[in-house]
1. Which listed residue (B:96, B:188, B:131) has the Cα farthest towards the positive end of the charge dipole for chain B, taking +1 on Lys and Arg C-beta and -1 on Asp and Glu C-beta about the Cα centre?
2. Taking each residue of B:139-146 in turn, how many C-beta atoms of other protein chains fall within 10 Å of its C-beta, and what is the average?
3. In peptide A:59-72, how many Cβ atoms from other protein chains are near each Cβ within 10 Å, on average?
4. Could you work out what % of the accessible surface of the protein assembly as shown is carbon and sulfur, using a 1.4 angstrom probe and leaving DNA, RNA and ligands out of the count?
5. Charges only on Cβ, +1 for Lys and Arg, -1 for Asp and Glu: so what's the dipole of the stretch B:37-200 about the Cα centre, in debye to the nearest 20?
6. Please give, to one decimal in nm, the separation of the simple spin-label points placed at residue A:95 and residue A:221, each 7 Å out from Cα toward the Cβ.
7. What does the accessible area per residue of chain B come to in Å², with a 1.4 Å probe and no ligands, DNA or RNA counted?
8. Which one of B:77, B:159, A:96 has its Cα pushed farthest toward the positive end of the charge dipole of the protein assembly as shown, where Lys and Arg give +1 and Asp and Glu give -1 at the Cβ?
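The values are calculated or read from the model by the stated rules, or taken from the named source; none is laboratory data. Just so you know, these numbers come straight off a predicted model, no measurement behind them. Backbone-built Cβ (ideal geometry, glycine too); neighbour counts: all protein chains shown. These accessible areas exclude ligands, DNA and RNA; they are computed on the full protein's heavy atoms, side chains included. Shrake-Rupley method; radii C 1.70, N 1.55, O 1.52, S 1.80 Å.
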Amino acid sequence: MNTNIRWQTSEFLPTPLRYGAAVVVGLLALSIIAFAIFQPIKVLPRIGLAPGLGLIDQDGRVLSNETLRGHIVLYNFTYSRCASPCPQTMGVMRAVQEQLNGPFDNKGFRIRLLTISLDPAHDTPQVLKEFALRSGADRPRWWFVTGDESQLKYAVGGGFNVYYAADAKGGITVDPVFVLVDGWGIVRAEYRTASPAIDRILRDISLVIDEAKNSEGAARYAYEAAHLFLCYPK
Amino acid sequence: MKRIFLFIISLAAGLGLTAALTFAATQWLRPPALHGLVMQPQQPAYNFTLMSHYGQTVSLSDFRGKWVMIYFGYIACPDVCPATLAELNKALLSLGKQSERVQVVMITVDPERDTKEQLAGFMPHFNKSFIGLTGTSEQIKEAATYYGIYFAKHQEDTALGYLVDHTATVMLIDPDGYLRVVYSFGTVAKDFADDLKYLMAR
């Protein structure tokens with residue numbers, strides 16, 4: 001009761017305290033609004049699960065999505081005899097490889113490029129090896145794989161949503177698509193063009209790295225909040 | 001002068017209180033961090049159609065209205081699968097009555113040996129409500145691929161015959177059929193239960 005009277009009649013307590021309370025509430029609201037507007041942390045959306053894979057690489061060994069767990073992987077889809085638009089898409093892969101081997105700061109994360117051939121009948125491991133050599137692939141960085149028809153249909157056609165079909169001339173029509181998958185096996189970006197900007201791919205890889213680096217402790221909440229507020233890059 | 005001084009003090013106290021409240025909020029009031037990888041934005045999960053151990057054709061869409069936990073395993077699995085199924089059972093037990101809103105399904109990655117009869121004998125060991133699903137190897141391959149599951153036979157001279165190497169994640173699907181959380185192998189019952197309680201309360 002006494003405190004109540006003091007509260008109402010005191011000369012200095014009410015006004016400053018009221019200001020104080022307003023400041024507290026205001027700052028809390030402002031900080032949330034500011035986070036949503038200025039989006040200090042950018043993340044890539046978690047688009048979906050990358051498909052399960054059990055493919056054969058250019059050495060004839062099995063390469064599965066479990067082998068790739070913990071690696072950030074950029075996928076593309078083609079075949080060794082492809083004339084168009086594959087030289088262009090392979091050029092993109094080569095340019096990304098060059099940047100990754102050169103100035104790009106990987107912050108200790110393992111980044112791989114993976115070319116999946118859609119022509120298993122022709123693209124034996126030996127053919128893939130030559131294809132890799134011709135494409136300027138640097139072995140530990142850039143892998144070439146293929147698999148049986150049904151596995152490719154489910155994984156590439158269904159899982160990665162890439163349209164491909166045999167054409168009349170005995171070749172394969174394939175939509176140019178690049179897919180970026182994070183170390184947890186989640187699709188984080190898709191580039192549905194034959195000539196995506198290299199800078200954009202590298203920026204996206206950096207965003208995935210930064211999120212993985214901050215996936216523990218207090219920083220994780222900030223990153224999950226960024227997902228919640230859809231803080232996606234332009 | 002005195003008023004300005006007091007205002008500055010209260011402002012400082014306000015700022016301090018803000019910091020303390022924010023800290024408290026992140027510590028106690030924050031929504032519990034889910035224990036798996038949260039899909040954001042949410043995506044519809046692949047709608048499989050397989051054979052249940054009751055002998056009925058079952059699709060994911062048949063479970064609308066329930067939280068579905070999907071695991072890929074097989075009966076002859078020596079360690080990983082029984083451990084995961086046991087954790088899921090423990091999680092359901094700790095949910096009590098709420099567990100009626102959760103359906104655990106195991107999709108076999110060994111359809112040659114895991115017939116519906118075999119699964120009917122196996123699944124109730126863990127929990128009477130668990131459902132085992134099987135199908136043709138093409139159906140299984142398709143479902144597994146879409147859920148990010150790799151599996152391959154692994155020849156080994158054991159009393160159980162061959163083994164099957166497989167991805168051991170658990171997928172949580174919401175009552176609308178959207179994939180919400182992916183759990184890695186080793187997630188314990190309490191973590192599953194905490195997440196389910198939190199998600200079901202919303």
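1. Among B:96, B:188, B:131, the one farthest towards the positive end of the dipole of chain B is B:96.
2. That works out to 6 on average.
3. 2
4. 59 percent
5. 560 debye
6. With each label point 7 Å from Cα toward Cβ, the separation is 4.2 nm.
7. 48 Å²
8. It is A:96, whose Cα lies furthest towards the positive end.
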